[in-house]
1. Does the stretch 57-99 hold any residues that are crowded, with 18+ Cβ neighbours inside 10 Å, within 24 Å of residue 146 (Cβ to Cβ) and more than 14 Å from the chain's Cα centre (by Cα), and which are they?
2. So, in the stretch 72-117, how many residues would count as being within 19 Å of residue 55 (Cβ to Cβ) and part of a loop (DSSP other than H, G, I, E, B)?
3. Name every residue in the stretch 109-118 that is free of Cβ contacts under 8 Å to residues at least 12 places away in the same chain, surrounded by 13 or more Cβ atoms within 10 Å (Cβ to Cβ) and either on the phi > 0 side of the Ramachandran plot or touching a strand residue (DSSP E or B) at 6+ places or on another chain (Cβ under 8 Å) (or both), in order of residue number.
4. So which residues in the stretch 135-161 are crowded, with 21+ Cβ neighbours inside 10 Å, more than 12 Å from residue 31 (Cα to Cα) and under 17 Å from the mean Cα position of the chain (by Cα), if there are any at all?
5. For the stretch 129-137, does any single residue satisfy the condition of being in a helix (DSSP H, G or I) and either touching a strand residue (DSSP E or B) at 6+ places or on another chain (Cβ under 9 Å) or at pLDDT 95 or above (or both)?
């Protein structure tokens, strides 16, 4: 028996989650964030069409923080393969373009060598992403997409003090 679970001198890459598709269907989750002023009272919301939803608030906050909080809450509270649909390029592009890998490599500095904003939300979201089966898709906001509009409404209502306080509720 050794003090280490693995050989500390072994430089082989850590095992990553199996990238093959799961047998479960991917569940759609629409997320959004809103702020009354930026910064100001903020709200976030997510909805899984016909199933579940949640929302919450933070004051003061920013729109980007609320976009992130919606995704973080959904990913950490829902099981199974997920497809996050968001109107936030800030969130979607981080994963599609793998910005997060550069942030980690540079010690949480962005390409301009400045501290990455919202690390308190990014770090747990990226940790959850690494062990989950999650994909991201961008949708244009306020363009008539029914479920994006519902996620927006949840976020706006939460910013106004009428949210679910993070409780997951059935539709």
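The values are calculated or read from the model by the stated rules, or taken from the named source; none is laboratory data. None of the values given here were measured: they were computed from a predicted structure. Because the Cβ atoms are built from the backbone with ideal geometry, glycine has one as well, and the counts that use them run over all protein chains shown.
1. 57 - this is the single residue of the stretch 57-99 that is crowded, with 18+ Cβ neighbours inside 10 Å, within 24 Å of residue 146 (Cβ to Cβ) and more than 14 Å from the chain's Cα centre (by Cα).
2. Going through the stretch 72-117 one residue at a time, the tally reaches 3.
3. Taking the stretch 109-118 and keeping what is free of Cβ contacts under 8 Å to residues at least 12 places away in the same chain, we get 109-115.
When the remaining residues are screened for being surrounded by 13 or more Cβ atoms within 10 Å (Cβ to Cβ), the result is 109-110.
Listed by number, the list holds a single entry, 109.
4. Step one: filter the stretch 135-161 for residues crowded, with 21+ Cβ neighbours inside 10 Å, giving 148, 151-152, 154-155, 158-159.
From what is left, the residues that are more than 12 Å from residue 31 (Cα to Cα) are 158-159.
Scanning the stretch 135-161 gives no hits.
5. Residues of the stretch 129-137 that are in a helix (DSSP H, G or I), as a first pass: 129-130.
Restricting the remaining residues to those that are either touching a strand residue (DSSP E or B) at 6+ places or on another chain (Cβ under 9 Å) or at pLDDT 95 or above (or both) gives 129-130.
There is at least one residue in the stretch 129-137 that is in a helix (DSSP H, G or I) and either touching a strand residue (DSSP E or B) at 6+ places or on another chain (Cβ under 9 Å) or at pLDDT 95 or above (or both).
Results for (1) modelled with pLDDT under 95; (2) closer than 30 Å to residue 62 by Cβ; (3) surrounded by 17 or more Cβ atoms within 10 Å (Cβ to Cβ); (4) touching a helix residue (DSSP H, G or I) at 6+ places or on another chain (Cβ under 7 Å), shown as yes or no for each residue.
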site	(1), (2), (3), (4)
14	yes, no, no, no
25	yes, no, no, no
29	no, yes, yes, yes
39	no, yes, no, no
